[in-house]
Amino acid sequence: MLPTNTAIDNVKDFHFDPTVEDLVKGDSTAKSYGEVSIKSFFSSRYVMVCSAAAAIGGFLFGVDQGLISIILGMDPFLAQFPQVDESKDSGAAFNKGYAVLMTGLLELGAAFGAVQSGYAADKISRRYVLLLGTVWFLIGSTLQTSAFHFSQLVVGRFIGGVGIGTLACVAPVFIGEIAPPHLRGAMLVFESWMVVLGCVIAFYVTYGTRFIVSDWSFRLPFLLQMIPGPILAGMIFYMPFSPRWLTLKGRHAEALETLVKLRELPATDPRVQAEWVEMRADILSSRMAQELRHPSVATSEVSDLRREVLTWLDCFKPGTFQRTVIGIGLQFFQQFIGINAIVYYAPTLYATLGMDREAQLNYSGITNIMQLLGVTPAFFLMDRVGRRPLLLFGSTVCFACHIITGSIVACFHNSWPSHPTEARVGVAMLMIFMFVFGLSWAPVPWAMPPEVCASSYRSKAVALAVVSNWVNNFIIGLITPIIVQKTNGYGAFFFFAAFAALSFAFVYLLVPETKGLSLEDIDARFHSNTATEDEARKREVIAGILGSFENHGSPAADTKATELEHVEVTTTRGEK
């Protein structure tokens, strides 16, 4: 039962609980909600429903991954689009790159969607950008379902990719901003889990439709992938505006009311009050940090475009550059270790192990399930084992699996009928790879960038990491079929093994452990005081907010309130 007395008529007449000042210190707010557990994960019903709705964006990406690997081998699809049929002549398909183009354009569109979504999410709200992404996706899916010409098909995939990229970038932001502090990590892993779940479901749907002898064998999966879109569109009007976005716009009373509804607690609860204060302080201190770095943005004459450009450039300055590189690098290696190459082209890779078509599809489905099984325990392992150990473990095992599989394929690719045991070992290595990847490199690269980045430029650095994911996903889609074709398959496994080894070095040399570290400890790892300065500034703002409420009417409090209001006016200028 949601609390009924949620309205706050006048924020300035609001009084804080005496314990709020203690709760806003360090991570006390998160700890005050309790420990992370399965029970606590499902205890926030409204948050869970809204997070599940937003995570449909990740689910839609997984759906495309799951269906495309089978569709590329369907006879009706190849008859309709002979450009992707490698059996027609030596110049078709992989040599000309039509199949690669069709697969990769979705990732290219997604990169474009991710680039523009950050600014749009701040401008018109996370909610409405989720709706915009859904519209793009539905338009793209409609074009794909109704395509009779290859040009329409690839345009549809690009437009659908814009929608998926928009959803995949904004959904984690929205989920992180509505989730209780102690559940944010687990909720963000939930999106990764939804990607893999979508992949598994779509694979088996398409596995069944391949028996249809008409065009509906591939058109039906394209049509069915549209179903979650209207569900998300409808749920958007049930979902709240993000309380952080409301605070960003200076709508503080609405932000508090939204927190009350999300936490199912009264406005007098000190935990709700502490969250509310911290959100406002985080936004104000970020604006103050930008004004200190760029004094010109403090004036009202500065354009929004210039302000935006300066914030992006901050990500590459001394003290922040290495942190930005960590986010971009983790997403780079997530792709170049080979995950989406295996997901997209699993039947082709299993063919290099001597499997017939039925075995290729059966093992491909099991491969997706193994990744789902690996991601599931990551919900709680990240906060128990740590991020860095999971990444190092994942790099080691993935390297070993690729080396063993590549060696087997190189030795026996011309004589599989007489070496069935070796073929089964190769299959087992791919299964182990998928499970371990799901446990390590699937969730951690999405969770770490927000942790290593200081709050004053966090959103931009995370956006760069997301763009890195999609661009590198696109590159992998382009080069994998070529490597497989030119090297009888084994070259692809050695290629990915090399990057798995490099990923180990990257993590070992550059990526710190963030589990349980304070901002000061993180700064020490980077020989920087950026986050420490941000935190000190935030503490000063918090003291000002609390003082302006509790001592309302006193000269000192009124002066501090005026200073804070000046920063807020600059922040929200022209955006309401």
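The values are calculated or read from the model by the stated rules, or taken from the named source; none is laboratory data. Note that this is a predicted model, so its numbers are computed, not measured. Glycine gets a Cβ as well: all are built from the backbone with ideal geometry, and neighbour counts include every protein chain shown. For the accessible areas, the whole protein counts, side chains as well, though only heavy atoms, and no ligand, DNA or RNA atoms are used. Shrake-Rupley method; radii C 1.70, N 1.55, O 1.52, S 1.80 Å.
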Selected residue (criterion: modelled with the lowest pLDDT) from residues of region 515-540 that are open to solvent by 30 Å² or more (accessible area, probe 1.4 Å), more than 26 Å from the chain's Cα centre (by Cα) and not basic (K, R): E520
Residues of region 306-319 that turn out to be without any contact (Cβ under 8 Å) to a residue 60 or more places away in the chain, open to solvent by less than 30 Å² (accessible area, probe 1.4 Å) and of a type in the set (A, V, I, L, M, F, W, C), as a count: 1
Failed item in (1) modelled with pLDDT of 85 or more; (2) part of a helix (DSSP H, G or I); (3) farther than 14 Å from I339 by Cα, with P512 passing the rest: (2)
Close pairs (8 angstrom Cβ cut-off, 6 or more residues apart or separate chains): of a type in the set (F, W, Y) in region 243-255, assigned to a helix (DSSP H, G or I) anywhere: W245/A121; W245/D122; W245/R126; W245/E177
Qualifying positions in region 142-186 - among the polar types (S, T, N, Q) and over 30 Å from V444 (Cα atoms): T142, Q144, T145, S146, S151, Q152
Candidates Q331, Q322, filtered to the one that is modelled with pLDDT of 80 or more, open to solvent by less than 20 Å² (accessible area, probe 1.4 Å) and under 30 Å from A497 (Cβ atoms): Q331
Qualifying positions in region 360-375 - closer than 11 Å to F203 by Cα, open to solvent by 30 Å² or more (accessible area, probe 1.4 Å) and in contact (Cβ under 8 Å) with a residue 24 or more places away in the chain: I366, I369
All positions within region 203-219 that are open to solvent by 50 Å² or more (accessible area, probe 1.4 Å), more than 13 Å from G66 (Cα to Cα) and assigned to a helix (DSSP H, G or I): W216
Checklist (1) farther than 30 Å from R388 by Cα; (2) in contact (Cβ under 8 Å) with a residue 12 or more places away in the chain applied to Q322, failing item: (1)
Y46, sole failed condition from (1) over 30 Å from G365 (Cβ atoms); (2) at pLDDT below 80: (2)
Test: residue in region 278-293 that is among the charged types (D, E, K, R) and more than 30 Å from T19 (Cα to Cα): yes
In region 96-133, residue surrounded by the most Cβ atoms within 10 Å (Cβ to Cβ) [restricted to those that are within 18 Å of the chain's Cα centre (by Cα) and charged (D, E, K, R)]: E107
Positions within region 139-158 being open to solvent by less than 10 Å² (accessible area, probe 1.4 Å) and assigned to a helix (DSSP H, G or I), in sequence order: G140, S141, Q144, L153, G156, R157
Residues that are open to solvent by less than 10 Å² (accessible area, probe 1.4 Å) and under 27 Å from M434 (Cα atoms), drawn from region 179-195: L183, A186, M187, V189
Flag for V309 being over 25 Å from the mean Cα position of the chain (by Cα) and farther than 21 Å from P172 by Cβ: no
Region 453-473, residues that are part of a helix (DSSP H, G or I) and modelled with pLDDT under 85: S455, S456, Y457, R458, S459, K460, A461, V462, A463, V466
Matching residues, region 348-359, being surrounded by fewer than 20 Cβ atoms within 10 Å (Cβ to Cβ) and either of a type in the set (S, T, Y) or part of a helix (DSSP H, G or I) (or both): A351, R357, E358, A359
Filter pass, M239 being assigned to a loop (DSSP other than H, G, I, E, B) and either aromatic (F, W, Y) or open to solvent by less than 10 Å² (accessible area, probe 1.4 Å) (or both): yes
Pair list, Cβ < 9 Å and 6+ apart or interchain, from region 201-213 residues that are under 18 Å from I369 (Cβ atoms) to residues that are acidic (D, E) and surrounded by 19 or more Cβ atoms within 10 Å (Cβ to Cβ): A202/D64
Top-ranked residue of region 474-502 - restricted to ones that are among the polar types (S, T, N, Q) and part of a helix (DSSP H, G or I), ranked as nearest to L313 (Cα to Cα): T480
The lone exception for I337 - which of (1) within 23 Å of W416 (Cβ to Cβ); (2) in contact (Cβ under 8 Å) with a residue 40 or more places away in the chain; (3) crowded, with 24+ Cβ neighbours inside 10 Å it fails: (1)
Residue match in region 3-15 (condition: open to solvent by 20 Å² or more (accessible area, probe 1.4 Å), at pLDDT 65 or above and over 23 Å from F174 (Cα atoms)): yes
Matching option when the condition is more than 19 Å from F59 (Cβ to Cβ) and of a type outside the set (V, I, T), among L197, L232, L188, L259: L259
Test for V297: is it in a helix (DSSP H, G or I), at negative phi and either at pLDDT 75 or above or among the basic types (K, R) (or both): no
